[in-house]
Every structure is written in C-alpha cells, then in structure tokens.
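The values are calculated or read from the model by the stated rules, or taken from the named source; none is laboratory data. For clarity, every value in this text was computed on a predicted model and none was experimentally measured. Reconstructed Cβ throughout: ideal geometry from the backbone, glycine too, with neighbour counts over all protein chains shown.
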Amino acid sequence: MIELDHEVAAVWKAVTEGHAEWLADRILKFDLTHENLMNELKILSTDAKQQAFQTLLKNRTLHGGILAEGSGLLKNGENGKGIKSRWYPQTLAKRILNLNAIREKITFLKSDALEILPNYTQNKQAVFFIDPPYTAGGKKAGKRLYRHCDLNHEKLFQIAEMLQGDFVMTYDHAEEVKNLARKHNFQMRLIPMNNTHHAQIFELVIGKNLSWLEDLQMVHEKRPDYSISSLTGERVN
Ligand SMILES: C[S@@+](CC[C@H](N)C(=O)[O-])C[C@H]1O[C@@H](n2cnc3c(N)ncnc32)[C@H](O)[C@@H]1O
C-alpha cells in the first residue's frame, strides 16, 4: 500500500504499526461537538496515531471529506445534521478493527508510487490495484479533492505497460484517460457508481485483460447508495 499524503498515510501507519485498537477506542469515545472538534484539530502532534485520529475526524466532518487545504466544515450535511451527518463511529471503528485483523499482511509505504512501482515490473506474481487521483486532462475533481493531485499520468501508464504482473486501474470517465489507455493498448470497462450527490456516474476500469469482468453475472437491482450498512444500522458514504 503506497500513499503520498501525510494525513492519509498517518491512518495507514497507525493501523499497520498496531494502534488500531487505540484509534477505534478514540473514535467510539469521542463526543463530536463543534467545540470538541476544534480543540482536537488544534492539537499539533508528531504522533502518527493522534494524526490518524485527526485525519479521520477531518475526513468525516469537512465538506466531501476533502482533506486538501481550503475545505470547510459541514454546515448542513445530510439531513441538516451538520458535522455529525457523516460521523458513524461504530462503522468507522469496525472498519479500523477489520484492518487490524489483517495488518500483518499489509506493508505500508508513505512514498511516491511512480518511484516504487518500477521496482516490481519484473515480478510476474505481483498484482497491482492502482487508484490514482482523477486529474488527467485537467479534470477538476481530483484537484479539489487531493493535496497530491499532480500526477504524471502518462508516466503511470508507461510504468503500467512494463508490469509483468496483472493490474487494475480505476479512473474517471474522461476522454484523455481513454486516449492514454488506447495508446498503451489496455482494455477499458465502464462501471456504474453513485457519487456523494447520489447521482449515477461511470468509473473507468483499465487493465491488460478485463475479460473476467464479462464473466461476472450482472445484478439487476438499483443500488440505493454507495454505502455499507453495519450491525448498528449506520452507514458510511
Ligand atoms: C483516488 S484517491 C485513492 C484513495 C484510496 N485508494 C483510498 O480509498 O483510501 C488517490 C490517492 O492517491 C494519492 N496520490 C497521489 N499521487 C500519488 C503518488 N505519486 N504516489 C502515491 N499516492 C499518490 C493521493 O494522495 C490520494 O489519496
């Protein structure tokens, strides 16, 4: 697992370095009020687990979960619930604890994927899931969403072409991305998704050979939301 953003990286570090239970406990015990949130976010700490908690708080209470500079706190949010509208502590804690159960299988690197991936091009056993920021062709979404949005997409496609192992990449449905995929002789499929505004959009899946996607049986049902239900009935968008 490779991630460049120091705040997102703090969450992966906290989990992989054995602080998932601490994190889950803080999430469950935190009384989310505007004052408590402000006090918590003010803390300057070099401790990865504290930074991880602050990242999760920001991700759940800032507009669209956007960590990039300049994002504001949710005022109305879902159902007019403001900062609480996307705070699902039970679900969040459960996810962190689920990750804890497999943490020994995860190696986390706070690094530039474009520098790390070339080390694995000859490994036929390796399989890669590549989920880059959606900024190819000057798309605005990725620029607004991510601090590290300036990715050299052409270089990423060149590296992907050198991979001996298999890979799957996800991008948004943009002409420039499709042109890159065509140029590198990759296959493409469109997958329907629901975005945060509950509108159906299509995400582009790119790979060397996506025939396995055709073998999947289609499920003919309307998905209510991009959400996961927990035992407590909470959901996370
Ligand atoms: C579409 S998001 C992926 C989110 C992630 N898969 C998840 O669900 O937690 C793109 C991510 O790529 C990261 N990123 C951007 N450039 C990167 C690079 N060169 N190397 C590693 N990560 C990068 C961004 O910080 C952002 O978190």
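A few points about this structure:
- Residues that are surrounded by fewer than 17 Cβ atoms within 10 Å (Cβ to Cβ) and not aliphatic (A, V, I, L, M) within the stretch 85-102 comprise Q90, N98, listed in sequence order.
- Filter result (assigned to a strand (DSSP E or B) and modelled with pLDDT of 85 or more) within the stretch 185-201: Q187, M188, R189, L190, I191
- Taken together, the residues in the stretch 202-227 that are closer than 20 Å to F129 by Cβ and either of a type in the set (D, E, K, R) or modelled with pLDDT under 90 (or both) amount to 10.
- Some residue of the stretch 114-130 being touching a Ser or Thr at 6+ places or on another chain (Cβ under 9 Å), at pLDDT 95 or above and within 12 Å of the ligand (Cβ to nearest atom): yes
- Residue in the stretch 1-24 that is at pLDDT below 95, surrounded by fewer than 16 Cβ atoms within 10 Å (Cβ to Cβ) and under 18 Å from L109 (Cβ atoms) present: yes
- Long-range neighbours under 8 Å by Cβ, at least six apart or interchain, first residue under 16 Å from E161 (Cβ atoms) and part of a helix (DSSP H, G or I) within the stretch 113-127, second among the basic types (K, R) and within 16 Å of the ligand (Cβ to nearest atom): L114/K155
- Selection from the stretch 1-57 of residues that are assigned to a helix (DSSP H, G or I), within 16 Å of the ligand (Cβ to nearest atom) and of a type in the set (D, E, K, R): E7, K13
- Residues of the stretch 141-169 satisfying the condition of being more than 8 Å from the ligand (Cβ to nearest atom) and at pLDDT below 85: A141, K143, R144
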